[in-house]
Amino acid sequence: MIKVLAFAGSGRKDSVNKKVVSVAAKGAEKAGAQVTIVNLEDFNMPIFTEDLEAEKGMDPGGQAFKKLLMSHDGFLISNAEYNSSYSALFKNCIDWASRKIDGEKPLEAYKGKVAAIMAASPGGLGGMRVLVTTRMLMENLGTLVLPNQKAVGGAFAKFDDAGNITDEKTEAALKRLGKELVDTLTKLKGE
């Protein structure tokens, strides 16, 4: 069975990016994948520095996140746009999980994986700029990023007070992205 890890690069409790990635996760589940949704802030990682790593070793939160990345075939990533790029939370988690442990190959958590990316914002561009930097980072780490992506503009208005998506067109596009990730992984794995 295809396993997909879904997460948002936002630590805000009521993050619209968490809502968006959850909708895409439903599309992946419907396509037959086992999906695990995590909140990056739950891993409670300190800011990565090589000095800290040398002094204390691999952070336990970083190690837990890395194990999740390694145990899944692909990723659904929704990123908040912070000054035209991704959040410090997202980059810090990615950096910790890039570190080698016990003789692993470099970037083992990322190489050979496939990702579908999306972004959401209250603005009209929907986080379009963060998709460029997210794609660049993940591809440089060895992850294949699907060509299709989704930027959800005016995102706050597309969810009700209970967090349910109310815009059918956006919902369909996000679920399609989740399904496309599973379809691609299925072909690559020969299942």
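Summary table
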| quantity | calculated |
| --- | --- |
| Any strands (runs of 3 or more DSSP E) falling wholly within region 1-87 and containing at least 1 residues that are within 19 Å of L131 (Cβ to Cβ), among the aromatic types (F, W, Y) and touching a residue at least 40 places away in the same chain (Cβ under 8 Å) | 3-8, 74-79 |
| Filtered residues of region 53-81 (kept if among the hydroxyl-bearing types (S, T, Y) and crowded, with 17+ Cβ neighbours inside 10 Å) | S78 |
| Matching residues in region 1-15 - criterion: being surrounded by 23 or more Cβ atoms within 10 Å (Cβ to Cβ) and within 25 Å of D160 (Cβ to Cβ) | A6, F7, A8, G9, S10 |
| Single condition L146 does not satisfy, out of (1) surrounded by 18 or more Cβ atoms within 10 Å (Cβ to Cβ); (2) under 13 Å from the mean Cα position of the chain (by Cα); (3) not acidic (D, E) | (1) |
| Lone unmet requirement of (1) within 17 Å of V23 (Cβ to Cβ); (2) modelled with pLDDT of 95 or more for S121 | (2) |
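Each row is one residue, and each column tells you yes or no for (1) within 21 Å of N39 (Cα to Cα); (2) of a type in the set (S, T, Y); (3) open to solvent by 40 Å² or more (accessible area, probe 1.4 Å); (4) more than 13 Å from the chain's Cα centre (by Cα).
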site	(1), (2), (3), (4)
W96	yes, no, no, yes
K100	no, no, yes, yes
M138	yes, no, no, no
A155	yes, no, no, yes
D167	no, no, yes, yes
A173	no, no, no, yes
E180	no, no, yes, yes
D183	no, no, yes, yes
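Every residue, every condition in (1) part of a loop (DSSP other than H, G, I, E, B); (2) open to solvent by 50 Å² or more (accessible area, probe 1.4 Å), yes or no:
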site	(1), (2)
G112	yes, yes
A119	no, no
G123	yes, no
G142	yes, no
D161	yes, yes
T170	no, no
L177	no, no
L188	no, yes
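The values are calculated or read from the model by the stated rules, or taken from the named source; none is laboratory data. All figures in this text were calculated on a predicted structure; none of them were measured in a lab. Quick reminder, even Gly has a Cβ in these numbers, built from the backbone with ideal geometry, and neighbours come from all protein chains shown. The area values use the complete protein model at the heavy-atom level, side chains included, leaving out ligands, DNA and RNA. Shrake-Rupley method; radii C 1.70, N 1.55, O 1.52, S 1.80 Å.
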